[in-house]
1. Tally up the residues in the range 60-79 that are in a loop (DSSP other than H, G, I, E, B) and buried (at least 20 other Cβ atoms within 10 Å of the Cβ), please.
2. Scanning the range 193-209 for residues that are aliphatic (A, V, I, L, M) and part of a helix (DSSP H, G or I), which turns out nearest to S176 (Cα to Cα)?
Amino acid sequence: MGCFASKNADTKATRTARWRSTGIVALRDSKLKTFPAEILDLDRSVRTLDLTHNRIVEIPMEISKLVNVQRLVFADNLIERLPTNLGKLQSLKLMNLDGNKISYLPDELGQLVRLERLSISGNLLTSLPATIGSLRNLLLLNVSNNKLKSLPESVGSCFSLEELQANDNLIEDLPSSVCNLSNLKSLCFDNNNVKQIPSTLLKDCKVLQNLSLHGNPISMDQFQQMDGFEEFEVRRKKKFDKQIDSNVLISSKGLDEGVDI
């Protein structure tokens, strides 16, 4: 019994030493129900934390100790809310919260000014905080499979945004501010209630290559009559030709204009 306990202690010590030296804490599929306290003791050493596919319900306030963490991956857990002091993780560049039970995001989210990729699909969100507009370095925002009825106008202040995914929600209108997203390449709103899109979207978003609006009450005629449609088509076809030349495997949905006719 004593030998077994000693072996477990050695294993735990070895694991902690490895985490500290690599900066990577990976506990996927570990059947965890609570956030492991020993991770918090590593404080400044942690750069990547991956707790995917566990049964964690709560992220402790003490996570703010991990001041150097750059990647947080909590996908496929049972998390219902985020701690308000999450905004203290000023080094954070990627946060994946897909497949949880989160119903709202704290305003402090806007303090994560270095964040580049935020994915929170498959949750219970009904709105996004206006402070999301403070994420000026954000490249990817994925809020698909939620219960969103709209996006805040402030999303147009995410000036670096290249990809916005909001499929499978209840969104009726796109905020006019999306026209400010001059770096936007892909905009996906499949399976919503979108009846029209901002009239200058195709004209103002000059690098937009993919606009997907399948499963919405918007017609192809509306789409084709928009200012900038011809230029958008040139970009879209150029991207498609490049994919074909590179022998990239893409779905049939990726080959059309992104609007049901």
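No value in this document is a laboratory result; all are computed from the given coordinates. Note that the structure is a prediction, hence the values are computed from the model and not measured. When we count neighbours, we look across all protein chains shown, and the Cβ atoms used for this are built from the backbone with ideal geometry, even at glycine.
1. So the answer is 7.
2. L201
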